[in-house]
């Protein structure tokens, strides 16, 4: 696939997430895809569960790709997450507060599917905005 096709694949994943089509977005990942997260490697099913939890905690969330570059079989991008916490999040009651964070991600694309993902999420910033962790 071309660099532009690889970037279009990543954009499609987030378009589907914004439409709340989680299952359809994960069809763009190879079944053996590994998600390298700050707290360790996750399977596709574990990543899907996390995304479902996030969408339940922030039902109005909008994910916007702010920067995207591609080289070879890799795509690097930043995603802005904006939403209101109206559902439980990791054992915390809803706060009604709005959050905005930016995450940085990389994906490796092979044969039109994401086969490996590196995710850096600003969970600290999110929890601070929700008041669950002090800012200082």
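The criterion of at least 2 residues that are without any contact (Cβ under 8 Å) to a residue 60 or more places away in the chain and in contact with a strand residue (DSSP E or B) (Cβ under 6 Å, 6 or more places away or on another chain) is met, among strands (runs of 3 or more DSSP E) falling completely within the range 36-136, by 40-42, 62-71, 74-84, 98-110. Within the range 59-68, at least one residue is at pLDDT 95 or above, closer than 15 Å to residue 7 by Cα and surrounded by 15 or more Cβ atoms within 10 Å (Cβ to Cβ).
In the set 72, 83, only one residue is at pLDDT 95 or above and within 30 Å of residue 135 (Cα to Cα); that residue is 83.
Taking residue 54 as the residue in question, decide whether it is buried (at least 17 other Cβ atoms within 10 Å of the Cβ) and farther than 20 Å from residue 123 by Cβ. When the stated conditions are applied, residue 54 does not pass them.
Residues of the range 1-15 being part of a helix (DSSP H, G or I), in contact (Cβ under 8 Å) with a residue 12 or more places away in the chain and in contact with a helix residue (DSSP H, G or I) (Cβ under 9 Å, 6 or more places away or on another chain), which ones? 12, 13, 14, listed by residue number.
The values are calculated or read from the model by the stated rules, or taken from the named source; none is laboratory data. This structure is a prediction, so every number in the text was calculated from the model and none was measured. FYI the Cβ positions are ideal-geometry reconstructions off the backbone, even for glycines, and counts take in every protein chain you see.
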